[in-house]
Amino acid sequence: MSEPRLAIAGLAIARGALALGVAATLALSPGGAAAQSSLELRARADSAQRRATLLREAYRRVIEQDAPIADRTLSLDGVTLRYRGMDLGSADSVRVVEGVTRGLARLRAGTGAALPALLDTAAWSLDVRRRGPFGSSDLYVRDGRTNWRHTLKHPIQATDVEAGLLTRAGDRLVERTEQLRDRMGWFALRPDVAPWGEVARRLATNWSAAGRACAAGALASCRLVLERYRPKEAVTRYFEPRDYRDVVVSGASSATDSLFFASKARCVAGADSACARIVRDITPADPFGGAVRGTLLAHAIELGGDAAVARLVERRPADADLEAISLLADAAGVSEDSLIASWHRRTFAALEPASGAGVPLILSTVAWSGLLFVASRRRRYL
Amino acid sequence: MFGQILYTQVKWSRAAVAVLSAIAFVLPALLWRAVHQGWMREYSALEVMRGFAVLGPALGVVAFFVGFILVAQAWAADAATRHVYALSLPIPWARYVALRYGAGALLLLVPTIALWLGVMLILSLVTIPESLNAYPGTVTLRFLLAALFSYSVMFALQYLSGKRAAYILLTALVGVFAFSLVLGLAGYGEVVDAVTGALLRWPGPLAVFASDWMLVDV
């Protein structure tokens, strides 16, 4: 039996014994509860309750914090990675090792000398748990702070482990830096994830005028989109009067007076003046989200390579005063305007027709239809 | 000879083609109306996208049925007379099949034109925001291609397997479903994903159904 399981069993036995002891004391003492003052009984019950709570806490710690005790440890390139896989066979173990090796190699290639700083905890751990008899698994990647959990539809593959490491490293990158915490980082180090087209579509159909203007090519609006979201100034920064109805419908308000709700009803019904009157009482939801802002981080890393990651990981006192865009432009080694302009080109280039659209699709469909037509003439089977 | 075959094709399938053409014509306006209950006011980009979101998948289904009906009606009419008409023609079977295929394929244009008219009608009623573009030609072309592919699959199935076509189709559908279910439960879901991807991604045969069918997009 492994160490955590022994500890868990021991705590469970101790907890049971304590409960029995309390019950026996209460039940078997001469005269039972009648022989004790109610105050004394209450004090004993409270004491038992406190000890039970302490035991429950200790039990929870064993389960939640001490559980990922390593079964195996890998040290590659100066990085230690512990992993364990409950119910995994040797073939799964081989895949985990392969995934870890590939993931660390990719991280090393993408982050260069910044890797040890990025993985700045003593060790990461992987935990693979098979969920059922048909091969699906949960992959947990822990780095001492938070967990990243990914449910797999199939037995663990090396690519899953690799993706898990890269995802968690991207998250760590934004968690480390105050200015970047409002954006998603999980895809920043994963070239296999391409959120660009989705981001472009979200901006072009955005309910804020700033988002739509950015899609139309106004780089000043793109700057607003990519900066930190400021909810208190949102109505004036991101929206135009014709957006106010959407703001009123979807935003949150602390107003509870009937006048507000009457105006809101008129606004929803189409009265623009009512919308303008109450829109300042509304806190709109973030119209862009962390994914949109996260693409600027991914783009800065694309431009600057591993030097950009090293620059983001490095902490300088002067960085504390920089806005996110300045920090990312500095990391990418370009000016802010240049970074925003190239981000715009990169994002909206994703909307250009991919292979398989237009003429190639026509040709392939006609070719498949032609093949079927030729096949259908081959025999007569009535 | 092609004129005669086309005449019989029109005669046998005109009712079904008329119904499907009417559906293709009204579908864009009908689906918009179901989402927005009107078309006179100015809509935001997101509302416009939402109004046409279901149109693509719905047109894919209609395209499939157009192909299916054109094959099934012609075959059923021929089979009712035990193919006497086809076999009495002074041409080889392969040529007859080619003419029959061509006649049916030509009729695919009727619902396609109806769809184009319906699409132009709804686009004239709805104001498209400046950040969006309308793609009536692309959607209509996709519809034609999807109907052509669906027609070709059904035609090949029918003319290769004769009266057993329905059984073969049913068996194939059940077989594919059972196969993917078993593979998925056995932990080989990625195999199913890979096969599905190969069929749906260009240059796979079903790529036209999986391609972008948005009437209005960025």
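The values are calculated or read from the model by the stated rules, or taken from the named source; none is laboratory data. Bear in mind the structure is a predicted one, so any value in this text is a computation, not a measurement. FYI the Cβ positions are ideal-geometry reconstructions off the backbone, even for glycines, and counts take in every protein chain you see. The accessibility values were calculated without ligands, DNA or RNA, using every heavy atom of the protein model including side chains. Shrake-Rupley method; radii C 1.70, N 1.55, O 1.52, S 1.80 Å.
Just wondering, is there one or more residues in the range A:91-109 that are under 30 Å from B:Leu183 (Cβ atoms) and modelled with pLDDT under 70?
Residues of the range A:91-109 under 30 Å from B:Leu183 (Cβ atoms): A:91-103, A:106.
The next check asks that each one be modelled with pLDDT under 70; those that pass are none.
Looking for residues that are under 30 Å from B:Leu183 (Cβ atoms) and modelled with pLDDT under 70, one finds none in the range A:91-109, hence no.
In the range B:10-114, which helices (runs of 4 or more DSSP H) lie fully inside it and hold 2 or more residues that are of a type in the set (Ser, Thr, Tyr)?
Numbers: elements: B:45-51, B:55-80, B:84-88, B:93-107.
Qualifying helices (runs of 4 or more DSSP H): B:84-88, B:93-107.
With the structure loaded, tell me whether A:Arg181 is at negative phi, out of contact with any strand residue (DSSP E or B) (no Cβ under 9 Å at 6 or more places or on another chain) and at pLDDT 85 or above or whether it fails that test. First the steps, then the outcome.
Values: at negative phi: yes; out of contact with any strand residue (DSSP E or B) (no Cβ under 9 Å at 6 or more places or on another chain): yes; at pLDDT 85 or above: yes.
So A:Arg181 passes the test.
Could you list, in sequence order, all residues of the range A:148-171 that are surrounded by fewer than 22 Cβ atoms within 10 Å (Cβ to Cβ), at pLDDT 85 or above and either within 11 Å of the chain's Cα centre (by Cα) or of a type in the set (Lys, Arg) (or both)?
Correct list: A:Thr167, A:Asp171.
Out of all the residues in the range B:75-134, which are of a type in the set (Gly, Ala, Ser) and under 24 Å from B:Leu59 (Cα atoms)?
Within the range B:75-134, the first condition is being of a type in the set (Gly, Ala, Ser), and the residues that meet it are B:76-77, B:79-80, B:86, B:88, B:94, B:98, B:102-105, B:114, B:118, B:124, B:131, B:134.
Answer for the range B:75-134, where residues must be of a type in the set (Gly, Ala, Ser) and under 24 Å from B:Leu59 (Cα atoms): B:Gly102, B:Ala103, B:Gly104, B:Ala105, B:Ala114, B:Gly118, B:Ser124, B:Ala134.
Please work out if B:Pro136 is open to solvent by less than 70 Å² (accessible area, probe 1.4 Å), within 23 Å of A:Ala200 (Cα to Cα) and in contact with a Lys or Arg (Cβ under 9 Å, 6 or more places away or on another chain). Even if it seems obvious, please write down each step before you answer.
Working: open to solvent by less than 70 Å² (accessible area, probe 1.4 Å): yes; within 23 Å of A:Ala200 (Cα to Cα): yes; in contact with a Lys or Arg (Cβ under 9 Å, 6 or more places away or on another chain): no.
Criteria not met by B:Pro136.
Hey, B:Val48 hits all of (1) open to solvent by less than 70 Å² (accessible area, probe 1.4 Å); (2) under 19 Å from B:Val110 (Cβ atoms) but one; which does it fall short on?
Answer for B:Val48: the failing condition is (2).
Restrict the check to the range A:359-373 and report whether at least one residue is more than 14 Å from chain B (Cβ to nearest Cβ) and either more than 28 Å from A:Glu233 (Cα to Cα) or of a type in the set (Val, Ile, Thr) (or both). Write out each step before concluding.
Of all residues in the range A:359-373, those more than 14 Å from chain B (Cβ to nearest Cβ) come to none.
Looking for residues that are more than 14 Å from chain B (Cβ to nearest Cβ) and either more than 28 Å from A:Glu233 (Cα to Cα) or of a type in the set (Val, Ile, Thr) (or both), one finds none in the range A:359-373, hence no.
Find the residue count for the range B:195-218, including only residues that are within 10 Å of another protein chain (Cβ to nearest Cβ) and small (Gly, Ala, Ser).
Number of matching residues: 4.
If B:Trp202 meets every condition in (1) open to solvent by 40 Å² or more (accessible area, probe 1.4 Å); (2) assigned to a helix (DSSP H, G or I); (3) in contact with a helix residue (DSSP H, G or I) (Cβ under 9 Å, 6 or more places away or on another chain); (4) under 30 Å from B:Val97 (Cβ atoms) apart from one, which number is that one?
Against the list (1) open to solvent by 40 Å² or more (accessible area, probe 1.4 Å); (2) assigned to a helix (DSSP H, G or I); (3) in contact with a helix residue (DSSP H, G or I) (Cβ under 9 Å, 6 or more places away or on another chain); (4) under 30 Å from B:Val97 (Cβ atoms), B:Trp202 comes up short only on (2).
Residues are listed down the side, and each one gets a yes or a no for (1) under 27 Å from B:Ala207 (Cα atoms); (2) among the hydroxyl-bearing types (Ser, Thr, Tyr); (3) away from chain A (no Cβ under 14 Å); (4) in contact (Cβ under 8 Å) with a residue 24 or more places away in the chain:
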position: B:Gly3; (1), (2), (3), (4): no, no, yes, no
position: B:Val26; (1), (2), (3), (4): yes, no, yes, yes
position: B:Ala29; (1), (2), (3), (4): yes, no, yes, yes
position: B:Gln37; (1), (2), (3), (4): no, no, no, no
position: B:Leu59; (1), (2), (3), (4): yes, no, yes, yes
position: B:Phe65; (1), (2), (3), (4): yes, no, yes, yes
position: B:Ile69; (1), (2), (3), (4): yes, no, yes, yes
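So which residues in the range B:161-197 are open to solvent by 40 Å² or more (accessible area, probe 1.4 Å), closer than 22 Å to B:Trp75 by Cβ and modelled with pLDDT under 90?
Within the range B:161-197, B:Lys163, B:Arg164, B:Ala166 qualify.
Could you check how many residues of the range A:158-207 are within 14 Å of another protein chain (Cβ to nearest Cβ), β-branched (Val, Ile, Thr) and assigned to a loop (DSSP other than H, G, I, E, B)? If you could, list the steps in order and put the result at the bottom.
Narrowing the range A:158-207 to residues within 14 Å of another protein chain (Cβ to nearest Cβ): A:158-160, A:163, A:196-207.
Next, from what is left, pick out any that are β-branched (Val, Ile, Thr): A:159, A:199, A:205.
Okay, now just the ones that are also assigned to a loop (DSSP other than H, G, I, E, B), so A:205.
Within the range A:158-207, residues that are within 14 Å of another protein chain (Cβ to nearest Cβ), β-branched (Val, Ile, Thr) and assigned to a loop (DSSP other than H, G, I, E, B) number 1.
Checking A:Ala216 against (1) exposed (fewer than 15 other Cβ atoms within 10 Å of the Cβ); (2) more than 10 Å from chain B (Cβ to nearest Cβ); (3) modelled with pLDDT of 85 or more, which test does it fail?
For A:Ala216, the failing item is (2).
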